[in-house]
Amino acid sequence: MKTKVIAILGVAANIVLLVVKLIVGFLGNSHAMIADGFNSAGDVFASFMTYAGNRIASKPEDEDHPYGHGKAEYIFSLIISFSMMLICLQIFTSAAGSILHREALEFSWWLLGVAIFTIITKLSLYLYARKANQQMENLLVTANAEDHRNDIFVTSATLLGILFSQLGVYWMDGLAGIGISVWIGYTGVRIFMSSYHVLMDTDMDERLKAEITEAISTVEGVDHIDHLTSRPVGIRRLVIVKVSVCCEMTLHESHGVAARIREKLHSMKNIQDTVVHINPVDPV
């Protein structure tokens, strides 16, 4: 529910900011403000993708999707990352051209007011999304919160360009636009890599692997771990583990070991499900 609210608030706020920034930016010939406006257009798209992705990802498991629809979050995050990289290229080209052609913005209090209003709005949205994400750990909400945070820095660069224009530094506005484009591109690449690793079924990181290994090693009856791997299931993981137990154990006792391993791992917040394979080992 909170993800839905975050997405709707993001869409509504960014539509308003998009219209205001582009109108004021074109009237004032501010490439930084225009770039900021296109960034808001990307934010509208990102917020819509957050809403759509969450609707699919929140569906329960069914016959065709026994582990649910969680990977939809990563697919939609991937789409968001592509849109960010395209916006980055468009903004960079425009801003660099303004410096080469020595174009200067026309200062106005409207430019200044829109920049300050944007910073206040985005700070409020960022704090709300961050608080919600601390409770949910949702990649889409994370991407949305980081996008709001990035907008604070982006518009601060725009504000810097506006203020320097008063001092006759014509190239600062274009430079701010270039800085904005680089920041958007960096964020897009980072979101892309996070989504890519999950969609390509990358194994768990060493920190989580060490935690799981330690947890399994404490289970009574486990002689040693033969193999441990995992695959992502939405924002959580399916753990596949092979352990050795004493060959003199009964079938019932060895199944009890497997049950204790599953119970131990399922208490960890990162684990969705566990598959345990038992191997016999001769007692020393």
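Every number in this text was worked out from the coordinates using simple rules, so none of it is lab data. The shown structure was predicted, so the numbers you read here are calculated from the model rather than taken from an experiment. As a convention, Cβ positions derive from the backbone with ideal geometry for all residues, glycine included, and neighbour counts pool all protein chains shown.
Worth a mention:
- Relative contact order of the chain, pairs being alpha-carbon contacts under 8 Å that are 6 or more residues apart, as %: 19 percent
- Bridgeable lysines around residue 21 (alpha carbons under 24 Å apart, same-chain partners fewer than 8 residues away excluded): 122.
- In the chain, the sites counted are trypsin sites (Lys or Arg not before Pro) in DSSP loop states with at most 15 other Cβ atoms within 10 Å, and the longest stretch holding none of them, exclusive of the sites, is 103-268.
- Per-residue [θ]222 nm for the chain (sum of -39500 (n - 2.57) over DSSP H runs n ≥ 4, rounded to 500): -24500 deg cm²/dmol
- Residue 246 paired with residue 116, simple spin-label distance in nm, labels 7 Å along Cα-to-beta-carbon: 7.6 nm
- Of 242/264; 59/242; 4/209, those spanning more than 26 Å from alpha-carbon to alpha-carbon: 59/242; 4/209
- Tail weight of P(r) past 19 Å, computed on alpha-carbon pairs of region 1-61, percent: 39 percent
- Dipole check for region 206-281: with +1 at the C-beta of Lys and Arg, -1 at the C-beta of Asp and Glu, and the Cα centre as origin, the magnitude is about 480 Debye.
- Of the GluC sites (Glu not before Pro) in region 1-101, those whose Cβ has at most 16 other Cβ within 10 Å and which sit in DSSP loop: 61, 63
- FRET efficiency for the pair residue 156 and residue 64, taken as 1/(1 + (r/R0)^6) with r the Cβ-Cβ distance and R0 = 51 Å, rounds to 0.60.
- Residue 263-residue 231 FRET efficiency (beta carbon distance; Förster radius 25 Å; 0.05 resolution): 0.75
- Fewest neighbouring Cβ atoms within 10 Å first, the residues 45, 76, 153 line up as 153, 45, 76.
- When the P(r) of region 206-281 is calculated, the portion above 22 Å amounts to 17% of the C-alpha pairs.
- Given (i) 19.5; (ii) 20.2; (iii) 21.4, the label whose value is Kirkwood radius over Cα pairs in Å derived from this model: (iii)
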